[in-house]
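Input: a single structure, listed below in structure tokens.
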Amino acid sequence: MGDYIELAELADSLFEASDDDDELLAKILDTLDEETRGALLSSDLLNAYQVFYYYFRETPDELTMERLQLHAASDLARGLVIDEVDIYEVIFSMEGGEPVVTLTDGENTLARFSGTEAYAEIALYMEECL
């Protein structure tokens, strides 16, 4: 599904069907073929929070949610700071169609997790190591 207009129409129908329910939107995205879902999850048609919720099926704290909602899903290709703890930043990104969560001090990467458990793993790492 390479046609942007078709993708935009699909996104509109998904939003209408899910009625701003993140869980329902994630379930509907599950029903799409992999190529179409990947195109949507990396587009400007979804926001970064919708991608976060799709992969992690978890609602983050309010500040993290607001940060993600202000960015398009396409911004995840370069990564977004979703949390700050002391001098550290938690960055959520997408690499090769896989969610990645990284903990950095700005110069060095302290921890990096990928996959659907990445958000839980980074939280556990920070709890145990910071």
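Residues of segment 87-108 being in contact with a Leu (Cβ under 7 Å, 6 or more places away or on another chain) and either under 15 Å from residue 67 (Cα atoms) or not aliphatic (A, V, I, L, M) (or both), which ones? Passing the criteria: 88, 90, 91, 92, 93, 104.
Residue-wise test of (1) farther than 24 Å from residue 109 by Cα; (2) β-branched (Val, Ile, Thr); (3) without any contact (Cβ under 8 Å) to a residue 60 or more places away in the chain; (4) out of contact with any Ser or Thr (no Cβ under 9 Å at 6 or more places or on another chain).
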site	(1), (2), (3), (4)
14	yes, no, yes, yes
44	yes, no, yes, no
66	yes, no, yes, yes
74	no, no, yes, no
79	no, no, yes, no
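Any idea which residue in segment 78-122 is nearest to residue 55 (Cα to Cα), counting only those that are surrounded by fewer than 17 Cβ atoms within 10 Å (Cβ to Cβ) and aliphatic (A, V, I, L, M)? The residue in question is 120. Tell me, yes or no, whether segment 40-57 has at least one residue that is basic (Lys, Arg), assigned to a helix (DSSP H, G or I) and either surrounded by fewer than 17 Cβ atoms within 10 Å (Cβ to Cβ) or in contact with a strand residue (DSSP E or B) (Cβ under 7 Å, 6 or more places away or on another chain) (or both). The answer is no, given that none of the residues of segment 40-57 is basic (Lys, Arg), assigned to a helix (DSSP H, G or I) and either surrounded by fewer than 17 Cβ atoms within 10 Å (Cβ to Cβ) or in contact with a strand residue (DSSP E or B) (Cβ under 7 Å, 6 or more places away or on another chain) (or both). From the list 66, 23, 98, 9, the lone residue that is in contact with a helix residue (DSSP H, G or I) (Cβ under 9 Å, 6 or more places away or on another chain), more than 30 Å from residue 130 (Cα to Cα), among the charged types (D, E, K, R) and modelled with pLDDT of 95 or more is 23.
The values are calculated or read from the model by the stated rules, or taken from the named source; none is laboratory data. Owing to the predicted nature of the structure, the values given are computational and were not obtained by experimental measurement. Methodologically, a virtual Cβ is constructed for each residue, glycine included, from the backbone with ideal geometry; neighbour enumeration extends over all protein chains shown.
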